[in-house]
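Heads up, the thing below is written out as structure tokens.
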Amino acid sequence: MTGEVPASFASVGLVGSSIGTTADEKGHFELGQVPVGVHKISFSAIGFRAQELTVTVKTGEISTVKVRLQPQDARLREVVVSGTMRETYLLESPVPVEIYTPKYFQKNPTPAIFEALEIVNGVQPQINCSVCGTGDIHINGMEGAYTMVLIDGMPIVSALSTVYGLSGIPNSLIERVEVVKGPASTLYGSEAVAGLINIITKSPLTAPRLSADLFYTSHQELNADLGYSKRWTRASTMISTNYFRFADRRDVNEDNFTDIPVQHRFSVFNKWSLNRPQNRVANLAARYYYEDRFGGEMQWQPMHRGGDQVYGESVYTSRYEVLGGYQLPIPEHLLFSFSYNDHQQNAAYGETVYRGHQRVGFGQLVWDKNLGAKQKLLLGTTYRYTWYDDNTPATQREAGAENQPDRTSLPGAFAQHEFKASDKFTLLSGLRYDYHSAHGGIFSPRLSMRWAPNEDNIFRLSMGNGYRVVNLFTEDHAALTGAREVVIRNELKPEQSYNANLNYQRYIPLGSGFLNLEGAVFYTYFTNKIIADFLTNNTQIIYDNLSGHAISKGIALNTELAFTFPLRLHAGVTLMDVYQVQRTPEHGEERIPQLHAPRFSGTFTASYQFRQLALTLDYTGSVKGPMYLPVQENDFRPEQSPWFSLQNLQATKAMGEGLEVYGGVKNLLNFMPRYPLMRPFDPFDKQVEVDNPYGYSFDTEYNYAPMQGRRFFLGIRYTLPQ
């Protein structure tokens with residue numbers, strides 16, 4: 001029993017014997033023919049922790065036993081793949097992995113995964129431009145260029161596509177999201193410096209036959225998701241479509257610029273799986289994504305695109321992807337995975353026109369081998385080819401010459417060994433070698449340890465190396481705008497980082513509820529960090545490798561609390577210090593704080609169910625402390641943002657037969673940042689010398705929160721299972 005609720009159909013057995021039975025639906029059981037003496041009886045049931053109880057059996061007497069089983073948090077038995085590139089239980093993984101399901105993100109419905117990650121502790125979706133709304137994802141305060149975003153383990157979203165592509169991943173195709181904080185280059189190569197976000201898509205075998213999710217907000221945002229799956233004897237398929245439209249040009253702060261960009265986008269995703277002997281993997285997926293977005297002066301029209309009369313940032317994005325995996329039909333476990341994406345971007349930032357085109361092909365062959373009961377070996381080889389062309393200095397070989405496509409190849413090989421000395425201790429070691437066509441060879445070692453003195457306490461220590469090859473213009477939106485001139489001071493070298501992470505997880509049963517605590521201490525040291533200098537010259541961005549080093553360090557705490565009554569709480573806080581130390585002959589060592597890295601950040605969700613009413617209330621939000629912002633010389637704007645909180649409230653009513661209706665309010669406190677634009681009345685800097693004693697110039701980079709106030713939403717969701 002757990003409280004007054006029976007543990008129906010629990011398994012009951014006499015330890016060390018074949019005597020056993022199954023409880024009935026009321027949790028009652030009876031064991032016969034038990035020998036006289038002292039015995040241990042084991043109890044287990046789905047959703048509860050296994051337990052043993054000592055019982056003394058006497059001659060001619062019937063012994064009555066009552067046992068309360070503690071509930072087991074279902075998430076702790078989930079399978080993860082991102083930490084070790086092989087399926088393992090979350091609790092048994094030597095690498096700490098966080099799992100987030102669509103149910104978690106539905107507590108605050110959003111049109112894309114970018115916005116949804118706002119309620120994940122230590123993960124910060126950061127808007128980088130107040131006009132066109134570009135964004136990236138920061139992990140533990142490090143810029144978005146250091147976060148690797150994967151789809152089904154493939155590096156689909158990278159380089160050019162990170163500028164706008166994150167907004168094109170709808171929540172409807174997601175099975176779960178796995179987050180690994182800290183370098184993961186040993187398994188995943190370049191870009192996995194701060195960590196990785198692996199978006200696992202739904203399987204056609206388990207996806208609902210039909211699903212639909214539609215919501216509309218008081219700001220005239222429309223989001224529609226529609227999914228369909230079909231199973232046959234030898235194959236199954238799933239198709240998922242997303243449509244998002246926001247066409248209302250809002251200017252609440254009356255600076256004659258749109259507060260947030262208008263957007264019109266569409267994506268379709270199709271995935272196929274074959275049913276093969278011995279459950280061998282065979283799947284293929286494709287996705288197409290198109291978006292038209294605009295931000296700028298309220299009177300802008302398409303005829304002004306690329307001109308210098310009315311300022312606007314207009315971006316057309318067209319992208320398609322193919323990815324899949326095939327397990328070879330041999331006794332050994334050999335899996336070949338591949339992906340290819342083609343990304344085209346046609347943008348006008350004021351009078352500056354940017355046209356970029358990127359193709360990325362990736363292939364990976366992994367051999368997963370068990371070496372007895374205690375050891376596992378993972379060997380892999382990869383090849384990544386990137387073709388990139390644009391009309392910026394990024395592809396200009398020399399002054400005055402025509403641009404030429406940039407082609408880079410990145411072959412690599414990695415090995416990982418896992419040694420499980422006992423149920424309490426596991427050691428994971430790995431090494432990777434990549435050879436970049438422009439930068440040469442790069443080594444990435446890794447060491448992780450897991451020690452669990454008991455099932456309620458788990459310690460994990462991870463140490464590793466991360467690296468990122470230079471891909472400057474495709475990831476820094478400021479380099480593409482017409483607001484500043486780009487200056488590259490020296491030949492840039494690839495960045496490298498060294499990281500240590502200590503993680504502790506504690507499970508505390510609380511009657512029929514539980515408290516799950518997870519704390520982490522992290523430290524990352526950068527060398528060759530590429531820095532963007534916005535301050536030396538108001539009209540330039542000066543890039544160079546850091547002459548010195550950079551540090552990201554801090555502590556994080558996540559808590560999950562479930563009560564006997566239907567209330568569940570999640571909360572997390574992160575305290576961090578992110579900065580760089582610049583060495584110059586004139587000033588020696590100078591400490592420079594990292595932009596957009598709050599020293600304090602927190603997230604929370606609270607869910608309560610009114611079971612008799614089939615009604616659920618969700619209260620979600622995030623809190624951010626002050627963060628440094630890119631300011632100009634003698635800037636009147638504060639160099640740090642204020643404390644602020646974005647909070648949301650939602651009510652969901654189950655109507656039966658898979659139908660739900662939900663509604664609520666976003667940005668409950670109606671928070672909007674101040675000073676989003678510098679000199680919005682002169683976006684082309686035509687009057688920069690007129691009545692401008694401090695030499696200010698038009699700038700869009702001073703941003704720390706969405707320029708979108710309180711809004712109400714209403715939606716409907718339907719799911720038809722297989």
Fill in the blank from the handout: Per the 1/(1 + (r/R0)^6) rule, R0 = 22 Å and r from the Cβ atoms of N403 and Y383, FRET efficiency to 0.05 is 0.30
Fill in the blank from the handout: Quick calc, the chain, dipole around Cα centre from Cβ unit charges on Lys, Arg (+) and Asp, Glu (-), nearest 20 debye, gives 2860 debye
Exercise for the section: Calculate one ³J(HN,Hα) per residue across the range 335-345 by plugging θ = phi - 60° into the Karplus curve 6.51 cos²θ - 1.76 cosθ + 1.60, and present them in order as whole Hz with x for glycine and proline. Expected result: 10, 9, 10, 8, 7, 8, 9, 10, 10, 10, 10
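Rounded to the nearest 0.05, what FRET efficiency do T233 and L492 give with R0 = 56 Å and r taken as the Cβ-Cβ distance? Could you check?
Values: r = 55 Å, r/R0 = 0.98.
Result of the calculation: an efficiency of 0.55.
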Practice task
Determine the alpha carbon to alpha carbon distance for each of K26/K376; K107/K376; K181/K369; K374/K529; K529/K666; K202/K376 and list only those over 31 Å.
Solution key: K26/K376; K107/K376; K374/K529; K529/K666
Practice task
Would you calculate the separation in nanometres between label points at N391 and N457, each defined as 7 Å from the Cα along the Cα-to-beta-carbon direction?
Solution key: 6.4 nm
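When W367, W232 are ordered from fewest to most other Cβ atoms inside 10 Å of their Cβ, what list results?
Working: W367 15, W232 8.
Arranged by neighbour count, lowest to highest, W367, W232 become W232, W367.
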Handout entry: Radius 10 Å from Cβ of Q375, net charge of other residues (Lys, Arg +1; Asp, Glu -1)
Key = +3
Problem - Whichever aspartates and glutamates have a C-alpha closer than 13 Å to that of K553, once near sequence neighbours (fewer than 8 apart) are set aside - result: D577
Handout entry: Length gained when the stretch L274-V353 is fully extended (0.36 nm per residue, less Cα-Cα span)
Key = 23.9 nm
Fill in the blank from the handout: Each label sits 7 Å from Cα toward the beta-carbon; between Q301 and N537 the label points are separated, in nm, by 3.8 nm
Problem - Where a label projected 7 Å from the Cα of L517 along Cα→Cβ would reach, residues of the range 566-593 with amide N under 18 Å - result: 569-575
Practice task
Give me the orientation-averaged projected area of the Cα convex hull of the range 200-720, in nm², one decimal.
Solution key: 29.2 nm²
Exercise for the section: Once you have the Cα-Cα distance between E92 and L371, take 0.36 nm times their residue separation minus that, and quote the gain in nm to one decimal. Expected result: 98.7 nm
Handout entry: Positive-pole candidate from Y433, L447, Q124, dipole of the chain, charges at beta carbon
Key = L447
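Report the FRET efficiency, 1/(1 + (r/R0)^6), for K26 and L613, where r is their Cβ-Cβ distance and R0 is 30 Å, rounded to 0.05.
On the way: r = 27 Å, r/R0 = 0.90.
The pair K26/L613 has a calculated efficiency of 0.65.
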Practice task
Return an integer: the convex hull volume of the alpha-carbon atoms of the range 663-722, in Å³ per residue.
Solution key: 155 Å³
Handout entry: Residue-averaged 222 nm ellipticity for the chain, from DSSP H runs of 4+ at -39500 (n - 2.57), nearest 500
Key = 0 deg cm²/dmol
Exercise for the section: Quick one: check the C-alpha center-to-center distance for the range 232-247 versus the range 108-122, whole angstrom. Expected result: 21 Å
Fill in the blank from the handout: Under the 7 Å Cα-to-Cβ spin-label approximation, K40 and N670 lie apart by a distance in nanometres of 6.3 nm
Practice task
Report the extension gain between Q722 and T101 in nm, rounded to one decimal, defined as 0.36 nm multiplied by the number of residues separating them, less their alpha carbon distance.
Solution key: 221.6 nm
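Take every DSSP beta bridge with both residues inside the chain and express the antiparallel ones as a percent of the total, to the nearest 5. Don't jump to the answer; show the numbers that get you there.
Working: 304 of 314 bridges.
Just about 95 percent of them are antiparallel.
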Handout entry: Cα centroid separation - the range 606-640 against the range 431-470, whole Å
Key = 32 Å
Fill in the blank from the handout: If each part is reduced to its alpha-carbon centroid, the range 284-340 and the range 551-575 end up apart, in Å, by 34 Å
Fill in the blank from the handout: For the range 146-277 (alpha-carbon point model, no solvent) the Debye-based log₁₀ I(q)/I(0) at q = 0.17 Å⁻¹ works out to -1.02
Handout entry: Magnitude of the charge dipole, the range 90-198, Cβ model with Lys/Arg +1 and Asp/Glu -1, debye to 20
Key = 160 debye
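Since every read-out is calculated from the coordinates, none of them should be taken as a lab result. Fair warning: this is a prediction, and the values are worked out from it, not measured in the lab. Cβ: placed from backbone, ideal geometry, glycine included. Neighbour counts: every protein chain shown.
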